[in-house]
Structures are given as C-alpha cells and as structure tokens.
Amino acid sequence: MEKEKYTQRKKYSAVEIVENKIVSFDKTDAIEYSFRVYKDGFAGIHYQQGKMSDEEGFAKAEKNLELKRPYPFELES
C-alpha cells in the first residue's frame, strides 16, 4: 500500500474601501490536506479543509478504498 499527503497553504487578504477610506481589512490563513492511499489498483482519497492528524486522514482515505475507485497508473518513486 502506497500513501501520499498533499498540503496546501493559502493566504487571503481583503480590503473594504468606502468613499476613499479603508473601512476594514481581513487577513486569513487557510490550510487544506489531501490524503491518498493506493492499493491493488484502487485509490482511496480524503480531502480536508482545516487541521487533521495524519493518522486520522490516512484512516479515512483507507476506508474510502471500499468505494473501489480505479487507479490504473503506476506511481513514481
């Protein structure tokens, strides 16, 4: 069984301007995870916005192997 974890961090900034004056400023950090498990030609995938432990993420991806999503490609090392 092969496992992969993708992590994506995003930073958002928003400024609200009314009549040439800054009314508000918002800054947000977002994190997204994609846990992937490959076994016997099938892929189990779990996507998560926000923090999650590796054990929990891979367990959910492994459970999704039951959906029998075909993955007919060879993984690169």
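Below are the figures for this structure:
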{"quantity": "Candidate set: the stretch 15-25, residues that are outside any loop (DSSP other than H, G, I, E, B) and of a type outside the set (A, V, I, L, M, F, W, C); chosen: the one least open to solvent (accessible area, probe 1.4 Å)", "calculated": "Ser24"}
{"quantity": "In the stretch 1-37, the residues that are over 20 Å from Met52 (Cα atoms) and touching a residue at least 12 places away in the same chain (Cβ under 8 Å)", "calculated": "Met1, Tyr12, Ser13, Ala14, Phe25, Asp26, Lys27"}
{"quantity": "Subset tally (residues that are open to solvent by 100 Å² or more (accessible area, probe 1.4 Å) and part of a strand (DSSP E or B)) for the stretch 59-69", "calculated": "0"}
{"quantity": "Failed condition for Ser34, given (1) in a strand (DSSP E or B); (2) under 13 Å from Glu2 (Cα atoms)", "calculated": "(2)"}
{"quantity": "Single residue of the stretch 44-60 satisfying the filter (touching a residue at least 40 places away in the same chain (Cβ under 8 Å) and of a type outside the set (D, E, K, R)) that is farthest from Thr28 (Cα to Cα)", "calculated": "Phe58"}
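To keep it simple, each residue is scored yes or no on (1) basic (Lys, Arg); (2) loosely packed, with under 10 Cβ neighbours inside 10 Å.
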site: Lys5; (1), (2): yes, no
site: Ser13; (1), (2): no, yes
site: Lys27; (1), (2): yes, yes
site: Ala30; (1), (2): no, no
site: Arg36; (1), (2): yes, no
site: Lys39; (1), (2): yes, no
site: Gln49; (1), (2): no, no
site: Asp54; (1), (2): no, no
site: Gly57; (1), (2): no, no
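The values are calculated or read from the model by the stated rules, or taken from the named source; none is laboratory data. Predicted model only: the values in this text are computed from it and were never measured. All Cβ positions, glycine included, derive from the backbone under ideal geometry; neighbour counts span all protein chains shown. All accessible areas refer to the heavy atoms of the entire protein, side chains included, with ligands and DNA or RNA removed. Shrake-Rupley method; radii C 1.70, N 1.55, O 1.52, S 1.80 Å.
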